Amino acid sequence: MGRILAIDFGKVRTGIAVTDELQIIASGLTTVDTKKLISFLIDYVKIESVELFLVGEPKQMNNDPSESEVLILPFLEKLQKSIPQIPVKRVDERFTSKMAFQTMIDSGMSKKKRQNKALVDEISATLILQSYLYSK
């Protein structure tokens, strides 16, 4: 069984989370400069077995796609061309950034650490992945 890798795509940086090989535990992996995301993923799948890419699907409250969807669609095309052997599934990512920030507060993280947007992105990717695992 391979890992599931979740992507919280952002214009500047992208949060990434992965499961263990048994697909039980979701853990934050890193945050990557979005310009380097495809090359990071290509390198990652060379050293780790990945079964599925989960990509956050930003939606508005009325279920319409968010404005950031126009940035994600070209990325999805590049991803499919670069790593065609791994399927991609979209997952609703509404409220993950707010939930990530609240998680940081609840864990007692200092205000200075909570200002680290890269950490928020990584936690958001982890929340996307956890919600998918719960739904399975």
Cβ contacts < 7 Å: first residue closer than 12 Å to residue 55 by Cβ, restricted to the stretch 4-26; second residue part of a loop (DSSP other than H, G, I, E, B), any location; separation 6+ or different chain. Result? 4/23; 8/93
Residue hits (the stretch 1-43; acidic (Asp, Glu) and within 11 Å of the chain's Cα centre (by Cα)) are 8
Residue by residue through the stretch 1-20, note down the ones that are touching a strand residue (DSSP E or B) at 6+ places or on another chain (Cβ under 6 Å) and surrounded by fewer than 17 Cβ atoms within 10 Å (Cβ to Cβ). 2
Conditions (1) in contact with a Leu (Cβ under 7 Å, 6 or more places away or on another chain); (2) modelled with pLDDT of 85 or more; (3) under 23 Å from residue 12 (Cα atoms); (4) not in a strand (DSSP E or B); number of the one not met by residue 99: (2)
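The values are calculated or read from the model by the stated rules, or taken from the named source; none is laboratory data. If you're wondering where the values come from, they're calculated on a predicted model, not measured in any experiment. So basically every Cβ, Gly included, is an ideal-geometry build from the backbone, and we count neighbours across all protein chains shown.
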